[in-house]
1. Taking 7 Å along the Cα-to-C-beta vector as the label spot, tell me the Lys56-Glu92 distance in nanometres, rounded to one decimal.
2. Given Cβ point charges of +1 (Lys, Arg) and -1 (Asp, Glu) and nothing else, what value in debye, to the nearest 20, does the dipole of the range 63-181 about its Cα centre take?
3. Please report Rg (one decimal) and Dmax (integer) in Å for the Cα set of the range 60-181.
4. Binning every alpha carbon pair distance of the range 136-181 at 5 Å from zero, what are the percents per bin?
5. Any lysines with Cα under 24 Å of the Lys160 Cα? List them, leaving off those in the same chain fewer than 8 positions away.
6. Using a 1.4 Å probe on the protein heavy atoms only, what accessible surface does Phe164 show? Give it in Å² to the nearest 10.
Amino acid sequence: MMRAALVAALAAIAVPGVAAADPNVPDQNVRESVRDLQVGPAVRAVDLSDAVLPLKEEQAAGGTVTVRISADVLFEFGRATLTATARREIGELAARLRSASGAVRVVGYTDSIGTPAANLLLSRRRAAAVKTELAKRAGAVTIVSVGRGEADPVAPNTAKGKDFPPGRAKNRRVEVTFRQT
């Protein structure tokens, strides 16, 4: 039954005029139909490996935790106002910070598009916005923020002399570092 439904669906997609054809076509006929389908150069392989980027990553070493959140989740392009999604992510993180020891460090980064001065200012404003939201929710925790602009990229902003959007997307980020107790 599944095979018949699959054959009918494929026939409807590949050959629109056969949508109402008998779904119980013998396998030999199906093999011949598929074999005769010529797509040639019209079909190209698409590499989606860089299309999906993690929204949040976490690293832990020696009791120190760094949570890296994509700025594309936290802010609209070129802005430092937190999105609704950002507030949820920060709320979850703030609960963890209540038991942190020492100061929590919030560092903002940008990609390399724009002037270094503008990127530095934007990264500072973004780090401050995350700090303010964390401070509202984390309780009596010391939080410091700093902006680093386009410094310390985690991926290349260009590849083979051309703009590399997947790399730039990884570089637009806010990192929150704290000691777990």
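The values are calculated or read from the model by the stated rules, or taken from the named source; none is laboratory data. A quick note: this is a predicted structure, and the numbers were derived from the prediction, not measured. Please note: Cβ atoms are built from the backbone with ideal geometry, for glycine as well, and neighbour counts cover all protein chains shown. Areas reflect the complete protein model, heavy atoms only, side chains present, ligands, DNA and RNA absent. Shrake-Rupley method; radii C 1.70, N 1.55, O 1.52, S 1.80 Å.
1. That separation, rounded to one decimal, is 0.3 nm.
2. Approximately 200 debye in magnitude.
3. Rg, Dmax (Cα atoms, Å): 14.4, 48.
4. Histogramming the range 136-181 at 5 Å steps yields 5, 16, 21, 17, 11, 12, 9, 5, 3, 1 percent.
5. Counting by Cα, and skipping residues close in sequence, Lys160 has these lysines nearby: Lys170.
6. Phe164 has an accessible surface of roughly 60 Å² with all protein chains in place.
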